[in-house]
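The structure under discussion appears below in the form of structure tokens.
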Amino acid sequence: MRKLLSIMALFVISLLAVSMVSAGTQSTLGGLNMGNVKVEVNGEEVDPNLLTVEEGEKLDIEVELSITDDNNANTDLGAKGIEVVARLSGYEYSDYENLEDSTALFDVKEGTKKTVHLQLTVPNKLENGKNTLRVFVLDRNSKEISKTFELNVESARHSVKIADVSFSPSLTVKAGRSLLTTVLVENVGENTEDDVKVTVEVPELDLKASEYVDELKADDHEDVDEMQLNIPLYTKAGEYTVKVTVQYDDLRETVTKSYPLKVVESDMIAQNYPQKSGKTVLATGPETQSVAAGKTATYAVALTNDGSASKAYAVEVATGDWATASVSEKLVVLEPGQSKVIYVDLTAAQDATVGEHLASLTVKSGSDVLETVVLKATVAAPANAGSETSLRNGLEIALVVLVVLLVLLGLVIGFSRLRKDDEGEEKYY
């Protein structure tokens, strides 16, 4: 009997020792305490104990934490690796929509307070009536601190959302083609909505199309008739924005979604009308002339600004001892796409040697050298005094005739190709 009592006593002592070890090593939150919890609905503070919200509203949650000496916790090092979580539970589609927000891990030092912010959106399909908002304070191993708040969820009287948007062919479209848009709208409010207006637009291109839904009942959805936006043929390639807007409740309420649209250059434009290079185009005519000693050779120089901004050009001419040079305009300012003809006069010296000579024509913008052209002159022996008809006038006439011919030829070719491409576009549509 005595032996049995000894065994039982030993067993009890062992249990007490295990219990003491367990109690001594029990993990705590370092004396951390969850203080005030503030809740704002759409930016307005409400009593967290009397929460009534509508579907689709946002909850901004502020949680205050501090270190205390509760439970005789060792707070020398404070609380480490803390995480705060806010959660709405019981939502049927929680595997598709996240109804939880959490902070990153942080520490709280002894004698300090920490305030964290979380945000949740009440889903449109959350069951009306009583729901629960839970706020947890956690670390890696300790028992959590939690608070719960009753949440009364109601449906809004008027609420329509954009459930889905489809684009054809896609959100990448060629200039000159059409962008087709189909919108699915859903009534998540309590009331039937009449004359719901749906608009698709590209504001940068001043393009817009609208359709109406005559009647949209509560908890119902409807596909809006396809809307077509014709992207102009000469639209600059780049990124644009497509805005889808739904107006309801007698057009007083609005919901909008935006999507990125990429416009690429039309094949016709790329082949027949190459994009501007953004450079300066310089043409001279002719670059080689014959001139008698003591006489003047005139060179016509056409400058074109093929960029997208106005630009100032400085024209300089360098010759050797064989001639002197002058320029009709040394500084030329051109708007985008503008052209201008200037004249360079090279006057051969009386003692210039017979033969070919060179002059350098340089066009600058600021300190940047844009173009350099070599002008050639063949000096002939002095001629008898003859008719010094105006070479400048002859050059001007020749240049004007050449420009007119080029413009006419370009128009003929352009209209011919446009007619062919229009026929091809009609077949496409």
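The values are calculated or read from the model by the stated rules, or taken from the named source; none is laboratory data. Being a predicted model, the structure only gives us computed values, none of them experimental. Note that each Cβ is placed from the backbone with ideal geometry, even for glycine, and that neighbours are counted across all protein chains shown. These accessible areas exclude ligands, DNA and RNA; they are computed on the full protein's heavy atoms, side chains included. Shrake-Rupley method; radii C 1.70, N 1.55, O 1.52, S 1.80 Å.
Evaluate the following for residue 367: is it free of Cβ contacts under 8 Å to residues at least 24 places away in the same chain and hydroxyl-bearing (Ser, Thr, Tyr)?
Working: free of Cβ contacts under 8 Å to residues at least 24 places away in the same chain: yes; hydroxyl-bearing (Ser, Thr, Tyr): yes.
Yes: the conditions hold for residue 367.
Of all residues in segment 212-225, which are in a strand (DSSP E or B) and either touching a residue at least 24 places away in the same chain (Cβ under 8 Å) or surrounded by 18 or more Cβ atoms within 10 Å (Cβ to Cβ) (or both)?
Residues satisfying the conditions are 213, 216, 221, 222, 223.
Which condition breaks for residue 164 when tested against (1) in contact (Cβ under 8 Å) with a residue 24 or more places away in the chain; (2) assigned to a strand (DSSP E or B); (3) farther than 29 Å from residue 37 by Cα?
(1)
Would you mind listing the strands (runs of 3 or more DSSP E) fully within segment 291-332 where at least 3 residues are touching a residue at least 60 places away in the same chain (Cβ under 8 Å)? Break it down into steps so the answer makes sense when it comes.
Values: elements: 296-305, 311-319, 323-327.
It comes to 296-305.
Quick one: how many residues across segment 167-193 are under 19 Å from residue 210 (Cβ atoms) and either part of a loop (DSSP other than H, G, I, E, B) or of a type outside the set (A, V, I, L, M) (or both)?
8
Could you please give the count of residues in segment 194-207 that are open to solvent by 40 Å² or more (accessible area, probe 1.4 Å) and in a strand (DSSP E or B)?
Within segment 194-207, residues that are open to solvent by 40 Å² or more (accessible area, probe 1.4 Å) and in a strand (DSSP E or B) number 3.
If a residue has to be surrounded by fewer than 17 Cβ atoms within 10 Å (Cβ to Cβ) and in a strand (DSSP E or B) to count, how many in segment 146-160 make the cut?
6
Looking only at segment 94-110, which residues are closer than 17 Å to residue 33 by Cβ and either within 38 Å of the chain's Cα centre (by Cα) or modelled with pLDDT under 80 (or both)?
103, 106, 107
Just need a number here: residues in segment 239-263 that are open to solvent by less than 40 Å² (accessible area, probe 1.4 Å) and either over 18 Å from residue 208 (Cβ atoms) or at pLDDT 95 or above (or both).
Within segment 239-263, residues that are open to solvent by less than 40 Å² (accessible area, probe 1.4 Å) and either over 18 Å from residue 208 (Cβ atoms) or at pLDDT 95 or above (or both) number 8.
Go through segment 78-97 and count every residue that is out of contact with any Asp or Glu (no Cβ under 8 Å at 6 or more places or on another chain), surrounded by 15 or more Cβ atoms within 10 Å (Cβ to Cβ) and not in a strand (DSSP E or B).
Within segment 78-97, residues that are out of contact with any Asp or Glu (no Cβ under 8 Å at 6 or more places or on another chain), surrounded by 15 or more Cβ atoms within 10 Å (Cβ to Cβ) and not in a strand (DSSP E or B) number 1.
I'd like the full set of residues that are hydroxyl-bearing (Ser, Thr, Tyr) and assigned to a loop (DSSP other than H, G, I, E, B), limited to segment 226-248. I'd like the intermediate steps shown before the answer.
First pass over segment 226-248, keeping only residues hydroxyl-bearing (Ser, Thr, Tyr): 234-235, 240-241, 245, 248.
Across segment 226-248, the qualifying residues are 234, 235.
Going by the conditions given, is residue 283 at pLDDT 90 or above and assigned to a strand (DSSP E or B)? Don't jump to the end; show me each part of the working.
Working: at pLDDT 90 or above: no; assigned to a strand (DSSP E or B): yes.
Judged against the criteria, residue 283 is not a match.
Only one residue in 333, 341, 315, 374 is loosely packed, with under 13 Cβ neighbours inside 10 Å, of a type in the set (A, V, I, L, M, F, W, C) and over 39 Å from the mean Cα position of the chain (by Cα). Which one?
374
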